[in-house]
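The values are calculated or read from the model by the stated rules, or taken from the named source; none is laboratory data. What you see is a predicted model, and the numbers here were worked out from it, not measured in a lab. All Cβ positions, glycine included, derive from the backbone under ideal geometry; neighbour counts span all protein chains shown. Calculation scope for accessible area: heavy atoms of the full protein, side chains included, ligands and nucleic acids excluded. Shrake-Rupley method; radii C 1.70, N 1.55, O 1.52, S 1.80 Å.
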Amino acid sequence: MLNFHKDHQNLVNVALVVFVLLSIGVAVIPANELALNNSPLPDLPPMTASERRGLEVYVAEGCGTCHTQQVRNIEMDRMWGERPSIPSDYHYSKQRLDLWRQSPSLLGSERTGPDLTNTGRRQPGAQWHLLHLYDPRMVVKGSIMPRHPWLFEETDTPAENAVVVPVPKERLRDSSKVMVASRRAQDLVAYLLTLKQAPLPGGGDPFLPSPGARNEAGANPSAGDLPNGADLFVQTCSACHGAEGKGLAGAFPPLAGSPVVNDPDPTLMLSIILSGYDARAEYGVMPAQAEQLSDAEIAAIANHLRSAFGNDAPATTVDAVRTVRATVAPATALVP
């Protein structure tokens, strides 16, 4: 009979055996089963070397302290993803580092900042992410995210292949210089842009509705069958163009008073939304939205912009968006 009060050696041995058995039972076996029984989704691409390095920067900078990567199966999480998260979503990011080291968990538990599960789809602009890392308040008014200036360098002699961040001159310590992104910043942005939910074959499980959830169809009855353009603008466009449509000098153009927005013919505006825009060197690149937004959503956003911020232009229609899409982004014509 063991007497742990006197036999301290056996006390340590038994404690060690219990620790090992518990570790195997509650950690090793479940982790191994998850690794063996979960395959990547068909449209989930493997991570590149740059994206993998970006994941390491994400962990090293402690981004998971404030940001989660898990869309829960509740209505309020619909704004963070198109479906609830499943284990296969993390197939590549959770691959073991080596035999002895498991990759860190990215699920997170503190929702201080937005959930990043689908941030690559919500905000596909690399320059926006670089500006956001350099100074979050430049692109998100009232953001409480800390700045990451150590990921950037202010220089007057950028290398030929340097990634210059469109920081307005008045925000630089020396207006004669430019701000360039370090390799770590570029890798981190490359990783953030991979955070897109891959479609599930056959569709995904619907979100559990919240009690008293508002009736979407009745949220904007004056717009007929269109979604709420003001809400879509906030979710999709305001991060760059600002909540008041004033843009950011040197980075993102204003929409208030824009001749493109106020043009009675909406063709150019719809073309820019669908296929993106990179024709003005004084501004950052606008990413294409053809794969992100449906015809009805683009029509709703366009109509909101053409009647908000002092703009005054006739409304456009879903048919007009569909016609422009067939010309500038025909490969996405089947997006519902």
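Measuring nothing but how far apart in sequence close Cα pairs (under 8 Å, 6+ apart) lie, relative to its length, region 143-185 scores a relative contact order of 47 percent. Each of 323, 191, 44 was placed along the dipole of the chain (beta-carbon charges, centred on the mean Cα), and the one lying farthest toward the positive end is 191. Measuring only protein heavy atoms, the 1.4 Å probe finds residue 77 accessible over about 0 Å².
Packing here is the average count of other Cβ atoms within 10 Å per residue, and on that basis the peptides 24-37, 255-268, highest first, run 255-268, 24-37. Each listed q (0.10, 0.14, 0.16 Å⁻¹) maps to a log10 I(q)/I(0) for region 94-182, found by the Debye formula over equal Cα scatterers with no solvent: -0.37, -0.67, -0.81.
Geometric descriptor of the chain, per residue, is 210 Å³ (volume of the convex hull of the Cα atoms).
Note on region 48-140: Cα convex hull, mean projected area over all directions, 6.8 nm².
Geometric descriptor of region 1-155, per residue, is 213 Å³ (volume of the convex hull of the Cα atoms). With every protein chain in place and a 1.4 angstrom probe, the accessible-area ranking of 19, 252, largest first, reads 19, 252. If you take the Cα centroid of region 18-43 and the Cα centroid of region 142-181, the two points sit 43 Å apart. Report D for region 1-49 in µm² per second (integer): Stokes-Einstein, Kirkwood Rh on Cα pairs, 37 °C, 0.692 mPa s. After rounding, the answer is 229 µm²/s.
Straight-line reach from residue 196: taking Cα to Cα under 23 Å and skipping same-chain neighbours fewer than 8 places apart, the lysines in range are 94. Averaged over residues, the count of other Cβ atoms within 10 Å places the peptides 229-237, 301-309 in the sequence 301-309, 229-237, highest first.
Candidate cross-link partners of residue 141 among the aspartates and glutamates, defined by an alpha-carbon separation under 12 Å and a same-chain spacing of 8 or more, comprise 244. Considering helices alone, the calculated mean residue ellipticity of the chain at 222 nm is -9000 deg cm²/dmol, with DSSP H runs of length four and up weighted by -39500 (n - 2.57) and normalised per residue. Pairs of Cα atoms nearer than 8 Å and 6+ residues apart set the relative contact order; for the chain it is 15 percent. When nucleic acids and ligands are ignored and a 1.4 Å probe is applied, residue 282 ends up with an accessible area of around 90 Å². Between residue 171 and residue 234, the simple label model (points 7 Å from Cα in the Cβ direction) yields a spacing of 2.3 nm. Report in % the part of the accessible area of the chain that belongs to carbon and sulfur, leaving out ligands and nucleic acids; probe 1.4 Å. Of all accessible area on the chain, carbon and sulfur atoms account for 59 percent.
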